[in-house]
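S.K.: Have a look at the structure that comes next, please.
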Amino acid sequence: MLRQGLESYGWKFSADTAVPTSNDSPFTPEERKYRSELLNILKQHFNNEEDLRTLYFELGWMYSQFESGGIDTQARALVEKYFREGQQNELVDLIVQHRPKIKLPKPPE
């Protein structure tokens, strides 16, 4: 079950691999760092449920569509979804719109 879930996010496994390694990630080390930095920005600057609900609304998603959990879980779900779909710029644009003074990390090339 875990393997199928990870495969849906683009993780690849060799026949004898039970647990993915960092080499199996569909993201480069730079992309993983960028994802992590964006997640930290969401957790630090959109650190209450109302802020995240507003982001979800403006992105066209219902807050309840993602797994239940705290702010960290909801922020992580946003980052995962937009990177998985290759639409992280939409999320970044909305962060800038709501928090223009935040210094965002440079996206990987």
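S.K.: Convert each backbone phi in the stretch 69-78 into a coupling constant with the Karplus relation 6.51 cos²θ - 1.76 cosθ + 1.60 (shift: θ = phi - 60°), then list the ³J(HN,Hα) values in order as whole Hz, x for Gly and Pro.
M.R.: For the stretch 69-78, the Karplus-derived couplings read x, x, 4, 4, 5, 5, 5, 4, 4, 5 Hz, x marking Gly and Pro.
S.K.: Let me ask another. In whole Hz and in residue order, list the ³J(HN,Hα) couplings for the stretch 104-109 that follow from phi through the Karplus curve 6.51 cos²θ - 1.76 cosθ + 1.60, θ = phi - 60°; x for Gly and Pro.
M.R.: 8, x, 6, x, x, 8
S.K.: Here is a follow-up. Using Cα pairs closer than 8 Å and at least 6 residues apart in sequence, work out the relative contact order for the stretch 27-109, in percent.
M.R.: Numbers: 48 pairs, mean separation 31.3, N = 83.
Computed over the stretch 27-109, the figure is 38 percent.
S.K.: Assuming 0.36 nm per residue, please report the length gained on full extension of the stretch PHE57 to LEU104 beyond their Cα-Cα distance. Let's see the in-between values first.
M.R.: Details: separation 47, 0.36 × 47 = 16.92 nm, distance 2.18 nm.
Taking 0.36 nm per residue and subtracting the Cα distance, the gain is 14.7 nm.
S.K.: Further question on the same structure: What percent of all Cα-Cα pairs in the stretch 27-109 falls in each 10 Å bin, counting up from 0?
M.R.: The percentages, shortest bin first, are 17, 59, 23, 1.
Only the coordinates and a few stated rules stand behind these numbers; no lab work does. Given the structure is predicted, the values throughout are model-derived calculations rather than measurements.
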